[in-house]
Amino acid sequence: MGKKRMWKYLNALTAAILLCTCLVIQPVAAAVNNGTVYPITSNEISGWPQGPEVACETAVLMDADSGIVLYNKGMDELRYPASITKILTALLAIENCSLDTQVTFSETAVASEQVAGSSTIHMQAGEVITIRDCLFGLMIKSANEVAIQLAETVSGSEAAFAELMNQRAAEIGCKNTHFANASGLPDENHYTTAYDMALIFREALKNDIFREVIGTQTYYIPATNMTAEERRLHTAHPLLAEESAEHYEGCIGGKSGNTEASGKTLVTGAEQNGVTYLAVVMKGADMGPNCADTTNLFNYGFQNFEKKQLNGGSILLPKGISMDQLEKTEEKQENGNTLVKYSFAGQYLGSEIREAPKEENKEVRSEEKQENKESSNADEVKDINQKDSTEDVSLTSILLILMAVLIIVLVVLLGVLVRHDRKKRKRRRRKKK
């Protein structure tokens, strides 16, 4: 085979390999099946409180403390999130930036205003506000230019920030999520599920700054280097706004979203009597029905479940179900205690710690005493050895001092003898003369 022909085949093979590599690493478009009707699978659990019908395509109700799911309608089905994406954007900004950091808006960020229907607070290229101001602009007014600017501030570019988002989502436990941008603007490779969004929201609520931002109804961004007047921001979340007909008592805030592909999406938290629930509804036809769905889910949770505090844990007990009806599994722990997990019809409800019997505790204490005794004996031996060592050192020092004195005395005596001998010699010389 000639050299030219060989190079021709090698080049063709190289091109084929590169093409296959590109196909492998290219993100696969999400299989989002808008329009599909899903059953309420939590209602299929025997003896479980029956949840309400909802108008949205997918939904989940989760306990914020434990992550236990109370209501499930297609919660693992892929949907486009729209602006509820910004929950994770805000969390990452809080985790990676100081609130007082000054942010200068770039041309790239403000260009998002040109997208049709884009939410904005009308920032200008070169305008400066703090990270704190950015967070309120992001979550209260859903400003897309703020989302992009935060991404650039944290990671240098929105593409790099999207990688960070996917990494953090995986750490949180998301299995069916892929983010392509920081804002939620339409992208076929930007998708999630109701369950994954509940996990992200649950993680974000552990942060006090995030809680403050989403729970604020009105915020003012001060005048800037390019804007003489302050910007007034007022919440667009109907269940949080006190003046809204959809206001829900105990609502702690959340985030809404809306694009043509996503429909109306809504993430909300509510707290009553020390219990916090998270509701996520996706692909709704309008915000009114989404709010009604969310309200019905919260009412279902607060009216049909009771949180019982146990030793070292708690359980969510469905009303009408007694502790005796629960299934239990026990796991022995290293300290002798037992972790007891409770479930009902296969649904995990919580856990508690049972301390080891007193006899076992006595044995443990006896072992500890023996260890302490052995440790004490070892310390005594160590002290004795140290004492002996100290005495040996002291004796050696005395001997060295005595030897030094003796040497000095001998030197002095020798000097005296030499002097005396010289005097004798001088006398003899005189007599001879």
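After finding the eigenvalues of the alpha carbon gyration tensor for the stretch 162-298, what semi-axes result from the square roots of 5 times each, listed largest first in whole Å?
23, 21, 17
Would you mind checking the pairs LYS255/LYS341; LYS283/LYS319; LYS307/LYS328; LYS175/LYS206; LYS73/LYS328; LYS73/LYS255 and listing those with alpha carbons more than 22 angstrom apart? Present the calculation step by step, with values, prior to reporting the outcome.
Details: LYS255/LYS341 33 Å; LYS283/LYS319 31 Å; LYS307/LYS328 17 Å; LYS175/LYS206 20 Å; LYS73/LYS328 27 Å; LYS73/LYS255 20 Å.
Among LYS255/LYS341; LYS283/LYS319; LYS307/LYS328; LYS175/LYS206; LYS73/LYS328; LYS73/LYS255, the Cα-Cα distance tops 22 Å for LYS255/LYS341; LYS283/LYS319; LYS73/LYS328.
Specify whether the C-alpha gyration tensor of the stretch 22-167 places it in the rounded, prolate or oblate class, a ≥ b ≥ c being the square roots of the eigenvalues: rounded for a/c under 1.5, otherwise prolate if a/b is larger than b/c and oblate if not.
The shape class here is prolate.
Viscosity 1.002 mPa s, temperature 20 °C: give me the Stokes-Einstein translational D for the stretch 225-268 in µm²/s, with Rh taken as the Kirkwood radius over C-alpha pairs.
Reported coefficient: 172 µm²/s.
At 0.36 nm per residue, minus the direct Cα-Cα distance, what do ALA245 and ARG419 gain on full extension? Give it in nm, one decimal, please.
Full-extension gain reported as 50.5 nm.
Quick check on the stretch 179-228: take the gyration tensor over C-alpha atoms, sort the square-rooted eigenvalues as a ≥ b ≥ c, and tell me if it's rounded (a/c under 1.5), prolate or oblate.
Here the stretch 179-228 falls in the oblate category.
So how exposed is GLU242, as accessible area in Å² (1.4 Å probe, rounded to 10)?
Roughly 130 Å² of GLU242 is accessible to a 1.4 Å probe.
Distance in nm between label sites at ALA285 and ILE45, each 7 Å beyond Cα in the beta-carbon direction?
It is 3.0 nm.
What is the extension gain from LEU402 to ASN335, computed as 0.36 nm multiplied by their sequence separation minus the C-alpha to C-alpha distance, in nm to one decimal?
Working: separation 67, 0.36 × 67 = 24.12 nm, distance 6.04 nm.
The span from LEU402 to ASN335 would gain 18.1 nm if fully extended.
The values are calculated or read from the model by the stated rules, or taken from the named source; none is laboratory data. These numbers come from a predicted model, not from an experiment. No Cβ is skipped: glycine too gets one built from the backbone with ideal geometry, and neighbour counts run over all protein chains shown. The accessibility values were calculated without ligands, DNA or RNA, using every heavy atom of the protein model including side chains. Shrake-Rupley method; radii C 1.70, N 1.55, O 1.52, S 1.80 Å.
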